[in-house]
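This report concerns only the one structure given below.
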Amino acid sequence: MIRINGLHKSFGDNHVLQGINLEVRQGEVVVILGPSGSGKSTLLRCINYLETFERGEIRIEGRPIGRTSVNGRSVEMPQKELNRMRQDVGMVFQSFNLFPHKTVIENITMAPITLRGMTREEANHLAMDLLQKVGLAEKAYARPSNLSGGQKQRVAIARALAMKPKVMLFDEPTSALDPETVGEVLQVMRQLAKEGMTMVVVTHEMGFARDVADRIVVMDKGVIIEEGTPETIFREPSHPRTKIFLHQVLERAE
Ligand code: ADP
Ligand code: MG
């Protein structure tokens, strides 16, 4: 579903991604772990081309993301193609990014109407189904400011799903939440995983990583230092920096 080859990305002379290779199969849940500043967010943002990159290639279902090869030269895709390709990749951020002046249902229906050409009626129908799914049908006409953090994040997930993406990317979706609302968001993500959604999740929720991930990828300083099943990564990590990282995270959680 996702194939990343030799991905390099710099901000000025800060070489943030130093040759990332990663493949994600359809229906697989990959959790990315790693210390702050290791390039996790940048990697996710490259996957839906919110960030450009200098070298390497990303493909979703075989189709290149952001850049294509024309006569052997790598060039940026036309804007129209970029927009189409982005619809395949849903993203959920730490800060929900909902439109504050729109109702919950308007937040969800806007993109399907403007980008997918749905009628308002179709979009409303879809939005209500998705709100049902994330347990917020009764909040359809509320404003984001009247929702808890966990509720906002569930709306953000519904909004991403409304575009019927092939892949969902989550960048620390529960890090900004009050502890009592973390569980409800993780529950929605667990359900999505069970339904077979292909997911790449950056999180420090080790319980989620252990129970839901098919594979864990550990990043440090712009490279993948280790990957494996949760079993292997938690029980016998092979890289010393993975051990240090896990130790720190688990200590913080206690
Ligand atoms: P992580 O998500 O693992 O904490 P990031 O991908 O956010 O790491 O950041 C990796 C590195 O890239 C850091 O050194 C950060 O300062 C830098 N960085 C991230 N975004 C930008 C940006 N928009 N401009 C300049 N530097 C950035
Ligand atoms: Mg980050």
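Once the Cβ-Cβ distance of N21 and V249 is raised to the sixth power relative to R0 = 25 Å, the FRET efficiency obtained is 0.55.
Relative to the Cα centre, the charge distribution of region 116-210, modelled as +1 at Lys and Arg Cβ and -1 at Asp and Glu Cβ, gives a dipole magnitude of about 280 debye. For the chain, the Cβ-based charge dipole about the Cα centre amounts to some 680 debye (Lys, Arg positive; Asp, Glu negative; other atoms uncharged). Here the calculated FRET efficiency for E180 and L82, from their Cβ-Cβ distance with R0 = 35 Å, stands at 0.35, rounded to the nearest 0.05. For the residue pairs K166/K194; K9/K166; K164/K194; K9/K40; K164/K221; K40/K166, the C-alpha atoms sit more than 22 angstrom apart in K9/K166; K164/K221.
Taking a ≥ b ≥ c as the square roots of the eigenvalues of the Cα gyration tensor, an a/c ratio of 1.5 or more together with a/b no larger than b/c marks the chain as oblate. Which listed residue (S74, G117, P64) has the Cα farthest towards the positive end of the charge dipole for region 47-130, taking +1 on Lys and Arg C-beta and -1 on Asp and Glu C-beta about the Cα centre? Projecting each Cα onto the dipole axis, the largest value belongs to S74. Element breakdown for the chain at a 1.4 angstrom probe: carbon and sulfur atoms account for 47% of the accessible area.
Calculate the dipole size of region 152-201 relative to its Cα centre from +1 charges on Lys and Arg beta carbons and -1 charges on Asp and Glu beta carbons; express the result in debye to the nearest 20.
340 debye
Assuming R0 = 45 Å, can you tell me the calculated FRET efficiency for the pair K221 and E121, based on Cβ-Cβ distance, to the nearest 0.05? Taking R0 as 45 Å, the efficiency between K221 and E121 is 0.35. Modelled label positions at M110 and R73, each set 7 Å beyond Cα in the direction of Cβ, lie 3.7 nm from each other. Full extension of the chain segment joining F11 with R210 gains 68.4 nm, where the gain is 0.36 nm per residue of separation less the Cα-Cα distance.
The values are calculated or read from the model by the stated rules, or taken from the named source; none is laboratory data. Given the structure is predicted, the values throughout are model-derived calculations rather than measurements. Note that we place each Cβ from the backbone using ideal geometry, even for glycine, and neighbour counts take in every protein chain shown. Calculation scope for accessible area: heavy atoms of the full protein, side chains included, ligands and nucleic acids excluded. Shrake-Rupley method; radii C 1.70, N 1.55, O 1.52, S 1.80 Å.
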